[in-house]
Amino acid sequence: MSDEIQVSVRWKDDAAVIDLVGDVTTFAEEAINQAYQSASSDGAINIIFNFRENDYINSAGIAILIGVVTEARKRDQKLLMTGLSAHFQKIFRMVGLTQYADLYSSVEDALASINSNGSS
Amino acid sequence: MERHMCPQSTRVVELRIPSELGYEKIAREAVATVARRLDFNEDKIEDIKTAISEACTNAIRYGSGADARMKVVVVLTADENKLDILIKDPGAGGSPPLNTGIPDINGMVAGTERLGGMGLFIIKELVDEAGFVEADDDEDEGNQFRMVIYRVEDDQTELDQAAPEDNKGGTTS
């Protein structure tokens with residue numbers, strides 16, 4: 001019973017937006033890593049992980065995201081996360097992931113932050 | 001809000017799911033239904049769903065080596081005051097994880113700690129009681145993990161949620 005997830009990359013202003021539709025579990029590892037590598041290969045400095053609010057994320061999925069954080073720090077990339085429900089925002093804070101990726105309610109809010117910081 | 005259970009009544013729901021990652025989602029949906037009948041608020045139901053997902057994932061991954069021929073048994077016992085969740089696995093996958101400490105995310109990012117090992121910590125943060133227990137029945141071999149979530153009035157829940165606690169594991173360098 002593999003969980004279905006669709007991961008795609010699009011560009012918005014100066015950021016790569018990785019849209020995740022589906023469950024973020026151990027089954028999502030390959031799709032997430034491929035999307036991240038694709039965005040990086042295209043020169044992304046700002047990468048927004050855009051979650052769908054009601055999807056299921058477990059600790060294995062969080063571990064995948066921590067792996068991405070590790071790579072992003074080596075490349076001086078900025079990670080931002082959007083669309084998370086209040087529950088998963090709480091979980092991300094609980095495990096410390098928000099030390100490495102700022103949370104925003106929407107892609108537009110994340111882009112506004114990038115633009116105001118002039119980090120593009 | 002009207003409660004859906006008769007006073008002093010107990011309801012038991014038992015599930016047997018294949019020991020295969022992904023099937024924990026059935027337990028997740030079932031516990032949400034039971035928790036709604038107990039009138040837990042939606043925030044607490046999300047906590048319970050995440051806790052049971054993590055516990056079932058551990059049972060599948062470590063308790064039975066993700067061998068789909070084996071079963072993980074989930075027993076949900078609901079009464080007026082609490083939801084009691086027992087998760088049984090065959091104990092065939094080696095020792096279950098026991099680390100309940102704050103995840104060292106800085107170590108994971110630095111590569112000095114392995115990725116993962118966060119499930120029990122998350123569970124302990126989200127429910128009132130959690131831990132491995134001894135089986136009541138000698139014939140029950142394997143691991144048994146129990147979680148209890150007490151039903152509190154909404155006023156108290158709001159007070160508890162007013163002060164979320166961030167991970168204090170360190171700062172970004």
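Each value in this text was obtained by applying a stated rule to the coordinates, not by laboratory testing. Since the model is a prediction, treat every value here as computed from it, not as a measurement. Every residue, glycine among them, receives a Cβ derived from its backbone with ideal geometry; neighbour counts consider all protein chains shown.
Enter the mean number of other protein chain beta carbons within 10 Å of the beta carbon of each residue in B:123-130, as an integer. Please list the in-between numbers first.
Values: counts 1, 0, 4, 4, 0, 0, 0, 0.
Mean partner-chain Cβ count within 10 Å for B:123-130: 1.
Could you tell me the calculated FRET efficiency between B:Asp79 and A:Ala112, based on Cβ-Cβ distance and R0 = 35 angstrom, to the nearest 0.05? Kindly include the intermediate steps, with their values, before the conclusion.
Values: r = 49 Å, r/R0 = 1.40.
According to the calculation, E is roughly 0.10.
Calculate the dipole size of region A:7-55 relative to its Cα centre from +1 charges on Lys and Arg beta carbons and -1 charges on Asp and Glu beta carbons; express the result in debye to the nearest 20.
On the way: 3 positive and 9 negative charges, 22 e Å.
With only Lys, Arg, Asp and Glu charged at Cβ, the dipole is about 100 debye.
With a Förster radius of 30 Å, plug the Cβ-Cβ distance of A:Trp11 and A:Asn54 into 1/(1 + (r/R0)^6) and report the FRET value to the nearest 0.05.
Values: r = 26 Å, r/R0 = 0.86.
After rounding, the FRET efficiency stands at 0.70.
Calculate for the protein assembly as shown the 222 nm mean residue ellipticity that helices alone would give, adding -39,500 (n - 2.57) per DSSP H run of length 4 or more and normalising by residue count, nearest 500 deg cm²/dmol. If you can, show how the numbers build up before the last one.
Values: 9 runs with 103 residues, N = 293.
Calculated from helices alone, the mean residue ellipticity at 222 nm is -11000 deg cm²/dmol.
Can you compute 3J(HN,Hα) from phi for each residue in region A:32-43, using the Karplus curve 6.51 cos²θ - 1.76 cosθ + 1.60 with θ = phi - 60°, rounded to whole Hz and x for Gly and Pro?
Running phi through 6.51 cos²θ - 1.76 cosθ + 1.60 with θ = phi - 60° gives 5, 5, 5, 5, 4, 4, 4, 4, 5, 4, 7, x Hz.
Can you list the residues, at least 5 places off or on another chain, whose amide H is less than 5 Å from the amide H of A:Val17, using H built in the peptide plane?
A:Arg10, A:Trp11, A:Lys12, A:Ile48
Working only with C-alpha atoms, what are the Rg and Dmax values of the protein assembly as shown, expressed in angstrom?
Answer for the protein assembly as shown, Rg first and Dmax second: 20.0, 65 Å.
Treat every Asp and Glu Cβ in region A:5-114 as -1 and every Lys and Arg Cβ as +1, leave all other atoms uncharged, and give the resulting dipole magnitude about the Cα centre to the nearest 20 debye. Working shown, then result.
Working: 9 positive and 14 negative charges, 58 e Å.
In total the dipole reaches around 280 debye.
Per residue of B:109-117, what is the mean number of Cβ atoms on other protein chains within 10 angstrom of that residue's Cβ? Mind showing how you got there, number by number?
Values: counts 12, 2, 1, 0, 1, 1, 8, 8, 2.
For this peptide, the per-residue mean of nearby foreign Cβ atoms is 4.
Looking at this model, which pairs from A:Lys78/B:Lys71; A:Lys74/B:Lys88; A:Lys90/B:Lys25; B:Lys49/B:Lys71 are more than 31 angstrom apart at the alpha-carbon? Numbers along the way, then the final one.
Values: A:Lys78/B:Lys71 43 Å; A:Lys74/B:Lys88 42 Å; A:Lys90/B:Lys25 20 Å; B:Lys49/B:Lys71 20 Å.
Result: A:Lys78/B:Lys71; A:Lys74/B:Lys88 exceed 31 Å.
Considering only C-alpha atoms, what is the centroid distance from region B:23-102 to region A:17-31, in Å?
22 Å
Among the trypsin sites (Lys or Arg not before Pro) within region B:62-119, which fall in a DSSP loop and have no more than 11 other Cβ atoms within 10 Å of their own Cβ?
Values: sites: B:Arg69, B:Lys71, B:Lys82, B:Lys88, B:Arg114; in loops: B:Arg69, B:Arg114.
Passing both the DSSP loop test and the Cβ count: B:Arg69, B:Arg114.
Once Rh is set to the Kirkwood radius over Cα pairs, what Stokes-Einstein translational diffusion coefficient, in µm²/s, holds for region B:11-155 at a temperature of 25 °C and a viscosity of 0.890 mPa s? Display every interim value, and only then the final one.
Details: Rh = 15.6 Å.
In µm²/s, the coefficient rounds to 157.
Treating only the Cβ atoms of Lys and Arg (+1) and Asp and Glu (-1) as charged, compute the dipole magnitude of the protein assembly as shown about its Cα centre; round to the nearest 20 debye.
Values: 28 positive and 51 negative charges, 153 e Å.
With Lys and Arg at +1 and Asp and Glu at -1, about 740 debye.
Around A:Leu84, which amide H atoms from residues at least 5 apart in sequence, or from another chain, sit under 5 Å from its own amide H, with H modelled in the peptide plane?
For A:Leu84, the qualifying residues are A:Phe51.
Show me, for region B:140-149, the HN-Hα J-couplings you get by feeding each phi into the Karplus relation (A = 6.51, B = -1.76, C = 1.60, θ = phi - 60°), rounded to Hz, glycine and proline as x.
Couplings: 7, 8, x, 9, 10, 10, 10, 10, 10, 10 Hz.
Can you give the Rg/Rh ratio of chain A, where Rg is from the C-alpha atoms and Rh is the Kirkwood radius?
Numbers: Rg = 13.1 Å, Rh = 14.1 Å.
We get a ratio of 0.93 for chain A.
What average number of partner chain Cβ atoms lie no more than 10 Å from the Cβ of the residues making up B:95-105?
Details: counts 0, 0, 0, 0, 0, 0, 0, 3, 8, 1, 10.
Mean shielding count: 2.
Under the rule of at least 5 residues apart or a separate chain, name every residue whose amide H is placed under 5 Å from the amide H of B:Gly131.
For B:Gly131, whose amide H was placed from the backbone, the distant partners under 5 Å are B:Arg146.
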